[in-house]
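Right, one structure below, let's go through it.
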Amino acid sequence: MAWFTALVFVACGVAGVILWLTGRRNALGLAPTGELFDLILGERAVRITILVFWWWIGWHFLVARTIDP
Amino acid sequence: MSEKRSGSESIGTEAAGARVRSRAALGSLPWIAIVALTAAVQFVRAAPIDGAVFGIVAVALLADALGLVPRVGPIARPGRLPVLAGAVAACLLLALTPRHGIVDGIVLAGLGIVVIVASWSGVRAPERSAQQRAEQPAARSAVAIRRTAVLWAAVAVATCLWELTSFVLGRVLPEQKGQHPAISDLLDPALDQFWFRALFVVGWTALGLALLSRGGRR
């Protein structure tokens, strides 16, 4: 079961990479991810939320307790 | 007559501005809810510092949406060299010093302050020459942007739901926690290896730089 849980996480990551690459090539009617982020990060709440999540990932894995007891 | 017209024009402009602000405030509510929910999850997993960070950010965003925070102008865009030098220094310190150590804590706290200040005020867009503006590709269609946004949201929501499921199952069925590992459980042992930690630090820093270079006040 653990392998299945890990597999789903890997599948989500692969889906993200495919989406990014497809957008870069303007294929399937998708826009480049950078253009999407240019648009949504213009709003302060979105910008702060996404950057705080990014910061927390670093904090969680490098500084704080990573695994719950 | 002209005074009357300019007065009514001014009222109209103010009303339009208020409508735009209230629309932006409404649009920020789902994001505030996400941050508040994350704060609650952090308190449940007994991580009070993490919970406090998300909680303070949620309150600050709510205050901003309600118009209680004074407006601040965008900050000047820093030069590439200082940003790159700072990023390289942060990478070296985070990769070479012991994980969960005091140096990592100081670097992350410093980065957190810089990122919050930069992202709260926004960064001024770079000046573009007439030639650069002319060479800029035409704006993407709203349909393509919406389709891309929906697909990215689906990936993000699926990842978060799966993580939350693993977290809840690990809590409810502690004897089966090993069967439902969260992302943290999977990555933690690998991050103790120097090369994986160095790769993680470089990838994480590059993502942060990419995010900071997008959006802002344009």
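The values are calculated or read from the model by the stated rules, or taken from the named source; none is laboratory data. Bear in mind the structure is a predicted one, so any value in this text is a computation, not a measurement. Every residue, glycine as well, gets a Cβ built from its backbone with ideal geometry; the counts of neighbours run over all protein chains shown. All accessible areas refer to the heavy atoms of the entire protein, side chains included, with ligands and DNA or RNA removed. Shrake-Rupley method; radii C 1.70, N 1.55, O 1.52, S 1.80 Å.
Selection of first residues in region B:58-82 that are modelled with pLDDT of 80 or more and of second residues that are not in a helix (DSSP H, G or I), restricted to Cβ pairs under 7 Å at least 6 apart or on distinct chains, gives the following pairs, ordered by first then second residue: B:Ala63/B:Val69.
Of all residues in region A:16-59, those satisfying the criterion of being assigned to a helix (DSSP H, G or I), more than 22 Å from B:Ala87 (Cβ to Cβ) and open to solvent by 40 Å² or more (accessible area, probe 1.4 Å) are A:Val17, A:Ile18, A:Leu21, A:Arg24, A:Leu28, A:Glu35, A:Leu39, A:Ile40.
Looking only at residues of region B:63-98 that are in contact with a helix residue (DSSP H, G or I) (Cβ under 6 Å, 6 or more places away or on another chain) and not β-branched (Val, Ile, Thr), we find that the one that is farthest from B:Ala210 (Cα to Cα) is B:Ala65.
How many residues does region B:34-74 contain that are within 15 Å of the chain's Cα centre (by Cα) and either more than 10 Å from every other protein chain (Cβ to nearest Cβ) or open to solvent by 80 Å² or more (accessible area, probe 1.4 Å) (or both)? Residues flagged as within 15 Å of the chain's Cα centre (by Cα) and either more than 10 Å from every other protein chain (Cβ to nearest Cβ) or open to solvent by 80 Å² or more (accessible area, probe 1.4 Å) (or both) within region B:34-74 amount to 4. Considering only region B:167-186, I want to know if a residue exists there that is within 7 Å of chain A (Cβ to nearest Cβ), acidic (Asp, Glu) and open to solvent by 30 Å² or more (accessible area, probe 1.4 Å). Checked region B:167-186: at least one residue is within 7 Å of chain A (Cβ to nearest Cβ), acidic (Asp, Glu) and open to solvent by 30 Å² or more (accessible area, probe 1.4 Å).
Please determine whether any residue of region B:192-199 is facing chain A (nearest Cβ under 7 Å) and either assigned to a helix (DSSP H, G or I) or modelled with pLDDT under 90 (or both). Scanning region B:192-199, I find no residue that is facing chain A (nearest Cβ under 7 Å) and either assigned to a helix (DSSP H, G or I) or modelled with pLDDT under 90 (or both), so the answer is no.
Quick grid of which residues meet (1) free of Cβ contacts under 8 Å to residues at least 60 places away in the same chain; (2) within 13 Å of the chain's Cα centre (by Cα); (3) more than 7 Å from every other protein chain (Cβ to nearest Cβ):
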{"site": "A:Met1", "(1), (2), (3)": "yes, no, no"}
{"site": "A:Phe4", "(1), (2), (3)": "yes, no, yes"}
{"site": "A:Cys12", "(1), (2), (3)": "yes, yes, no"}
{"site": "A:Trp20", "(1), (2), (3)": "yes, yes, yes"}
{"site": "A:Pro32", "(1), (2), (3)": "yes, no, yes"}
{"site": "A:Glu43", "(1), (2), (3)": "yes, no, no"}
{"site": "A:Trp54", "(1), (2), (3)": "yes, yes, no"}
{"site": "A:Ile57", "(1), (2), (3)": "yes, yes, no"}
{"site": "A:Ala64", "(1), (2), (3)": "yes, no, no"}
